[in-house]
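Engineer: Take this structure, written in C-alpha cells, and hold onto it; I'll ask about it next.
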Amino acid sequence: MGRWTRQEIEEAFENYQRLALQAGTSGDWRPWADQFTEDATYIEHLYGTLGGREAIRTWITATMAQPVNCDMRFFPIEWYVIDEDKGWVVCMVWNRMADPGDGSVHQASNITILKYAGNGLWSYEEDVYNPATFATMLAGWEQARREHTPA
C-alpha cells in the first residue's frame, strides 16, 4: 500500500488539470507552478531539466508568454493511470491551440509522468513528446490563422 490514497492522488491530479486550464486561458502560470514542491524536478525534453519550484515558475512563465506558445491554451487529458503504490500519475495530454478563426482543432500530444509528494504537491514532472509533431501542428495552426484573420 502506498503513502497516499487513490482519492488524494486523484484530487491532486484534478487540481493539476484545473490549474493548467486556468493558466492557459489567463496567461498567469504562477498558481500552476505553486503545485510543485520547492525541490521539484521538471524534465522537459526540448528545454532541459529544471530544479526547484522557482526555476519551474520562471521557465513556464517565460515560455508560455512567447508568441505562438501563448495561444496553446487547453490541455485536455486523453487518458491517465494512477500507480497508488508509487504515487505516480502517467497521462496523455493534448496541447491544444486556440481557435485560429475557422473552428478547426490543432493539437499535439505528449506523455506526462507526475510523482506525487503529498499535500496536493508534485515532486516531479516529465513531458515526453516528438518536437517534429508539434512543429507540424503549429505550422497548420499558423496557416489556418493567417487564412481566417482579417488583414
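Engineer: So how many residues does the range 106-140 have that are within 28 Å of residue 31 (Cα to Cα), outside any strand (DSSP E or B) and in contact with a strand residue (DSSP E or B) (Cβ under 7 Å, 6 or more places away or on another chain)?
Structural biologist: So the count comes out to 4.
Engineer: Does residue 55 fit the bill of being at pLDDT 95 or above, closer than 20 Å to residue 76 by Cα and not charged (D, E, K, R)?
Structural biologist: no
Engineer: Restricting to the range 84-134, count the residues that are free of Cβ contacts under 8 Å to residues at least 24 places away in the same chain and charged (D, E, K, R).
Structural biologist: Matching residues across the range 84-134 total 1.
Engineer: With out of contact with any strand residue (DSSP E or B) (no Cβ under 9 Å at 6 or more places or on another chain) and free of Cβ contacts under 8 Å to residues at least 60 places away in the same chain as the only criterion, which of 73, 53, 57, 18 stands out?
Structural biologist: 18
Engineer: OK, next. Can you tell me which of (1) touching a residue at least 12 places away in the same chain (Cβ under 8 Å); (2) touching a strand residue (DSSP E or B) at 6+ places or on another chain (Cβ under 9 Å) is the one residue 81 doesn't meet?
Structural biologist: It fails just one condition, (1).
Engineer: Is it true that some residue in the range 53-60 is within 27 Å of residue 105 (Cα to Cα), among the charged types (D, E, K, R) and under 14 Å from the mean Cα position of the chain (by Cα)?
Structural biologist: So far as the range 53-60 goes, no, none of its residues is within 27 Å of residue 105 (Cα to Cα), among the charged types (D, E, K, R) and under 14 Å from the mean Cα position of the chain (by Cα).
The values are calculated or read from the model by the stated rules, or taken from the named source; none is laboratory data. What you see is a predicted model, and the numbers here were worked out from it, not measured in a lab. Using ideal geometry, Cβ is built from the backbone for each residue, glycine included, and neighbour counts are taken over all protein chains shown.
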